[in-house]
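Worksheet for the structure shown next.
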Amino acid sequence: MVIDLDRCTGCQACVVACRQENNVSFAGEKEAKLGRAKFWMNLISEVKGTYPDVEMRFLPIPCMQCDHPPCTIVCPVAATYKNPEGIVAQVYPRCIGVRMCISNCPYTVRYFNWHAPSWPDDYKRGRNPDVYKRRKGITEKCNFCIQRIRKAKENAKREKRRIRDGEVIPACAETCPSEAIYFGDLNEPKSRVYRLSKSRRAFRLLEDLGTEPKVYYLKEGEWNDG
Amino acid sequence: MKISRRNLLKMIGAATLGMALPDELLHALPKKGEWIPYDEQWSAGICLQCPSGCGLRIRSVNHWPVKLEGIKDYPVNKGRLCPKGQAGLQALYDPDRIRHPLRRKGKRGEGSWEKIPWDEAIPLVTQRLKKLREAGRPHQLLVLGGRYRGHMLDLMNRFMEAYGSPNHLGNPYRGSEGILKGHFFTMGERDFLSIHWEETNYVLSFGAGLLEASRPSMINLRGYGSLRRGRPGIRGKLVQVEPRFSVTASKADLWIPIEPGTDGALALGIAHWIIKEKRYDQDFISRHTFGFEDWKDSSGKSHIGFKTLVLKEYSPRQVSQVTGIPEETIIRIAGEFSSHRPSVAVSGRGVGMQTNGTYSQMAIDSLNALVGSFDRRGGLLLQRRPPFQNWPPVQRDAISERGFSQTRIDGAGQLPFPFAGEVPSRLPEEIGRGEPYPIDTLFLYYTNPLFSIPESEKFRTGLEKIPFIVSFSPFMDETTRLADLILPDGTYLERWQDDHPEPGPGFPMVGLRSPVLDKPLHDVRNTGDVLIEIAKGLGGSVERSFPWKDMKEALRETIKGVFRSKRGSIRAKEFDEFWKALVDAGGWWDESYPFGGWKKKFNTPSGRFEFYSQTMERGLSEWSKRSSKDVDSILKELKIEAKGDKAFLPHFEKPRLIGEEKDYPFQFIHYKLMTTAEGRGANQPFLQEIFGPHLKEKWDSWVEINPETARTMGIQDGDPVWVESKIGKVKTKARLFPGTHPKCIHIPYGQGHRAYGRWAEGRGINPNDLLGREYDYLGGFLSHFSTRVKVYKA
């Protein structure tokens, strides 16, 4: 995944699209204020400076799907692992909720179900049937909308072809109003994400930790750019 | 063959029995680890979480909608949706929706209701209106409307005309009237203009919340992306002029903090430099504008032109003193704005909510005229309407003629609001006094004045004097709670309704909502259908004005015009075929947009862009004749300082404020966030939970104070504080935000509901509880940013 911060407007469409797609319930006022709201795709912000020299930055952060994930190695029951597609997957039925993965994730993108997900009855009809239900006491996280990837793979297999570039996109990328999120195969040199990841503007978060994150950011442009 | 779970099980059963299956079915069977198919459908609709009017692809599984996406080629949103659009299913499935018609039991506002069937509820209205008409008092019906879309506004206007009441307040643009009035005086334009983002190089924004709360929101979000990275080699520039450091300011190349209410002066300062340096578009100015140079009227009297006025009074030095912006900055922007064409100057609430809003907007429009950016590629687009077929003329009888010609109850179109279409904020007093006549029945359609208009207590007192209130709201909002009868509408996913976004992409387009479910989720009805039924019940000429079975039939008739034009994205031989394609596609549009239609689109006395507004001049002269006052004394009545020619030219008027600086040291400016940009998302938990990302605030309100200022007052981040104006006071949490102007405080808009469902009610504070009512009389609108406040620890 590549996120172009020069296009990003901080609108949080990705955040809501993700929750609707993946049946991530809301936490409510009390729990949200305790920091227990789950945002598989989260928008974090930073404000600094003094008037009128102020700076404010927004950064959408999904799971980085690290190639060397610090979270998987600490799981005592192998409930989380790096799958062959490169996604850091979570096997919900296996999770016992020790939360070591959460504390070991440097990007703080793993979320714990402190309560059983609460949906008012009326909302229940609007849940996505492609997504596995989570119960109280387990960890959950962004998986690049793995249900969409599977579907596309099956379609491709049926048609005896490879997945085309841009054929699968997670909910966040699909909705992004300013087209700031790109998704594709980083191993495929012809793909758009590969090309963008080699851009001079590209960087990754906390690269020096050696986690090899698979989400690239493109930094904002300067006045004199193009 | 469609494969549902049931079919699949049957097939598996068949297979185990060893029966032969055709190849294609065997192929469709799930292999190990594969998905079990279910019944999935995609349908089209149009979003209504804000007035953008985005095309929706609705994914339904086993009948129920589960996800909203954008329609890929829909001109407004091109397959994308904003957070409000994405949260739309929470409006549909809101557990606190009104589920059936309700009649009040017990006292008003008490909240006790009884369920009644539709065939009892509608006659309650019809009989009352019939009696009112028979008594010759049809003008005592008042309609407050809000978010009309497409032909719903035409339908309500039609109803009022046929029934015989002038008292329709249906402005869907509340809060942004200043912008519209500016466009009206300079161009005769009644819509907002949208930016041709794909090709513009330089966007100079005067307080427009382009990335948070703007119109059309999706076009602006999408446009921002393409401004920055949509064209190889060109990274368009954004300059944000605003006292508060907003999200838009943070994404801009340059943020220019300005003294609140002085945007007009800055625009004129920029104009000064452009004119002095002769950097303006001379061809456009000479061929398509009026009043740039000094001129003589038909009687030989000479008048000063825009050029003379600006060169004399608005040098960057003079402007610098008013705006607090350094001279060099003004010159720098003027240089860039005029040399990076196509460039556009746009405005937002910052301009439109001041007492000088109309003039400021005229000044900003003048900047666009100077660089000739109207209706040009990369400029500002004038929205074209689709070729609708007109409905047959309204039938009026003697009663409706008499009723319709009564003066309006809100005094719109009368002094001191000569140009106002409506003045809703004056209603409380007018209704309360029963002058010029009492109101008998009130309809509320998609509006919630007890939340959205300042001094709501007075409004409530006024409303309580109205004997019968009918609300069509799908939600139990503050105003609906006062109703005597509720005839609930469904949500935007459940009804037939058209939608032509203004502003949209410039070229003509129309979207169509069609019900996503076989029938609405609850026992609710499209207000369009209900209105037609009421009209039929009234009989006579009112009935004859509505020759349709329901809203869908009325829409089909008007859309026949689009079908017959044989243009645009859908063409068909038969109308039924066209209609079906329209329902499937969600909309029709004609992209062959004719730019440069100035002669047709500038609807002014001169047929040109008017620096000197003859519309205003003629209007006031007319009033002068009628009221036997001279024009200058009328100007004084409108609280305009300028006299003579200057009053009809863009100029700077000092903003007027409520409260003295020594008692109330802060200027109070509320702002909107992406999540509740139309103030209506408060009942959706997904939006509440991401409410204020810049301060990581959720589910709550706060007041932003400059950290230095707060320190001198001994206020720390998170402290509870009182914010008090002459009008009222509210208690909330202080947040120290360095983007706050030291002389201002800010509260986000959208919270503070006293009703509106479990997620919204009793949460945070409503900025309207602080606001007094000050006006831009010329434009005829309430200026929301004119109240001073003080802050102290609670």
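The values are calculated or read from the model by the stated rules, or taken from the named source; none is laboratory data. Computed from a predicted model, the values in this text were never measured in an experiment. Heads up, the Cβs are rebuilt from the backbone with ideal geometry, glycines too, and the neighbour counts pull from every protein chain shown.
Of everything listed in (1) among the charged types (D, E, K, R); (2) at pLDDT 95 or above; (3) within 21 Å of the chain's Cα centre (by Cα), the single unmet condition for B:Asp410 is (2). Of the candidates B:Leu673, B:Leu649, the single residue that is farther than 27 Å from B:Ser701 by Cβ, buried (at least 21 other Cβ atoms within 10 Å of the Cβ) and in contact with a Phe, Trp or Tyr (Cβ under 8 Å, 6 or more places away or on another chain) is B:Leu649. Among the numbered conditions (1) assigned to a helix (DSSP H, G or I); (2) under 16 Å from B:Phe609 (Cβ atoms), the only one that B:Ala345 does not meet is (1).
Within the stretch B:36-69, the set of residues being outside any strand (DSSP E or B) and either in the same structural domain as B:Arg495 (by TED's automatic domain parsing) or among the β-branched types (Val, Ile, Thr) (or both) comprises just one member, B:Ile36.
On inspection, A:Asp165 passes the criterion of being more than 14 Å from every other protein chain (Cβ to nearest Cβ), more than 30 Å from A:Asn113 (Cβ to Cβ) and surrounded by 15 or more Cβ atoms within 10 Å (Cβ to Cβ). If the requirement is being at the interface with another protein chain (Cβ under 9 Å from one of its Cβ atoms) and either acidic (Asp, Glu) or surrounded by fewer than 21 Cβ atoms within 10 Å (Cβ to Cβ) (or both), which of these qualifies: B:Lys84, B:Lys78? Exactly one of B:Lys84, B:Lys78 is at the interface with another protein chain (Cβ under 9 Å from one of its Cβ atoms) and either acidic (Asp, Glu) or surrounded by fewer than 21 Cβ atoms within 10 Å (Cβ to Cβ) (or both), namely B:Lys78. For the stretch A:113-132, the set of residues classified as more than 9 Å from chain B (Cβ to nearest Cβ) and exposed (fewer than 15 other Cβ atoms within 10 Å of the Cβ) consists of A:Trp114, A:His115, A:Ala116, A:Ser118, A:Tyr132, listed by residue number. Only one residue in B:Thr461, B:Thr491 is under 21 Å from the mean Cα position of the chain (by Cα) and in contact (Cβ under 8 Å) with a residue 12 or more places away in the chain. Which one? Every option except B:Thr491 fails the conditions.
Residue-wise test of (1) charged (D, E, K, R); (2) surrounded by 13 or more Cβ atoms within 10 Å (Cβ to Cβ); (3) closer than 27 Å to B:Gln240 by Cβ.
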residue	(1), (2), (3)
A:Thr175	no, yes, yes
A:Arg200	yes, no, yes
A:Glu207	yes, no, no
A:Pro213	no, yes, no
A:Trp223	no, no, yes
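Could we say that B:Gly182 is within 14 Å of chain A (Cβ to nearest Cβ), under 30 Å from B:Arg332 (Cβ atoms) and either part of a loop (DSSP other than H, G, I, E, B) or not hydroxyl-bearing (Ser, Thr, Tyr) (or both) here? Against the criterion (within 14 Å of chain A (Cβ to nearest Cβ), under 30 Å from B:Arg332 (Cβ atoms) and either part of a loop (DSSP other than H, G, I, E, B) or not hydroxyl-bearing (Ser, Thr, Tyr) (or both)), B:Gly182 does not qualify. Search the stretch A:43-62 for residues being among the β-branched types (Val, Ile, Thr) and without any contact (Cβ under 8 Å) to a residue 24 or more places away in the chain, and hand back the single one that is farthest from A:Cys105 (Cα to Cα). Only one residue fits best here, namely A:Thr50. Within the stretch A:100-112, the set of residues being of a type outside the set (Val, Ile, Thr) and either over 17 Å from A:Arg134 (Cβ atoms) or exposed (fewer than 15 other Cβ atoms within 10 Å of the Cβ) (or both) comprises A:Met100, A:Ser103, A:Asn104, A:Cys105, A:Pro106, A:Tyr107.
Screening B:Asp39 with (1) more than 20 Å from the chain's Cα centre (by Cα); (2) facing chain A (nearest Cβ under 9 Å) gives one miss only, at (2).
Rundown of residues vs (1) surrounded by fewer than 22 Cβ atoms within 10 Å (Cβ to Cβ); (2) among the aromatic types (Phe, Trp, Tyr); (3) under 23 Å from B:Pro243 (Cβ atoms); (4) facing another protein chain (nearest Cβ under 10 Å), yes/no style:
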{"position": "B:Pro707", "(1), (2), (3), (4)": "yes, no, yes, yes"}
{"position": "B:Arg711", "(1), (2), (3), (4)": "yes, no, yes, no"}
{"position": "B:Arg758", "(1), (2), (3), (4)": "yes, no, no, yes"}
{"position": "B:Glu774", "(1), (2), (3), (4)": "yes, no, yes, no"}
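Can you confirm whether A:Val109 is over 26 Å from B:Gln684 (Cα atoms) and among the aliphatic types (A, V, I, L, M)? The answer is no for A:Val109.
Consider the stretch B:422-445 and keep the residues that are under 26 Å from B:Gly136 (Cβ atoms) and among the small types (Gly, Ala, Ser). The one that is modelled with the highest pLDDT is B:Gly434.
Among residues of the stretch A:7-25 being within 7 Å of another protein chain (Cβ to nearest Cβ) and under 20 Å from A:Tyr132 (Cβ atoms), the one that is surrounded by the fewest Cβ atoms within 10 Å (Cβ to Cβ) is A:Gln20. The requirement of being over 25 Å from B:Glu704 (Cα atoms) and small (Gly, Ala, Ser) is not satisfied by B:Gly207. Consider the stretch B:648-678 and keep the residues that are within 14 Å of chain A (Cβ to nearest Cβ) and of a type in the set (Val, Ile, Thr). The one that is farthest from B:Val723 (Cα to Cα) is B:Thr675.
Return the total of residues in the stretch B:205-247 being within 9 Å of chain A (Cβ to nearest Cβ), in contact (Cβ under 8 Å) with a residue 40 or more places away in the chain and assigned to a helix (DSSP H, G or I). Result for the stretch B:205-247: 5.
The rows are residues; the columns are (1) touching a residue at least 12 places away in the same chain (Cβ under 8 Å); (2) in a loop (DSSP other than H, G, I, E, B); (3) crowded, with 23+ Cβ neighbours inside 10 Å.
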| residue | (1), (2), (3) |
| --- | --- |
| B:Ser360 | yes, no, yes |
| B:Arg377 | yes, yes, no |
| B:Gln383 | yes, yes, no |
| B:Asn390 | yes, yes, no |
| B:Ser400 | yes, no, yes |
| B:Ile409 | yes, yes, yes |
| B:Gly413 | no, yes, no |
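The residue of the stretch B:221-255 that is nearest to the chain's Cα centre (by Cα), among those that are over 13 Å from B:Ala208 (Cα atoms) and of a type in the set (A, V, I, L, M), is B:Leu227.
Has the stretch B:149-163 got at least one residue that is assigned to a loop (DSSP other than H, G, I, E, B), surrounded by 22 or more Cβ atoms within 10 Å (Cβ to Cβ) and in contact with a helix residue (DSSP H, G or I) (Cβ under 7 Å, 6 or more places away or on another chain)? No, the stretch B:149-163 contains no residue that is assigned to a loop (DSSP other than H, G, I, E, B), surrounded by 22 or more Cβ atoms within 10 Å (Cβ to Cβ) and in contact with a helix residue (DSSP H, G or I) (Cβ under 7 Å, 6 or more places away or on another chain). As for the stretch A:71-83, it holds at least one residue that is away from chain B (no Cβ under 13 Å), among the basic types (Lys, Arg) and surrounded by 15 or more Cβ atoms within 10 Å (Cβ to Cβ). Criterion applied to B:Lys519, B:Lys536 was being at pLDDT 95 or above, out of contact with any Leu (no Cβ under 8 Å at 6 or more places or on another chain) and surrounded by fewer than 18 Cβ atoms within 10 Å (Cβ to Cβ), and the one residue passing it is B:Lys536. Here the condition is being at pLDDT below 95 and more than 8 Å from chain B (Cβ to nearest Cβ); of A:Gly28, A:Gly35, it holds for A:Gly35 alone. Taking the stretch A:1-113 as the region of interest, the strands (runs of 3 or more DSSP E) fully inside it that hold 2 or more residues being among the hydroxyl-bearing types (Ser, Thr, Tyr) are A:42-50, A:80-82.
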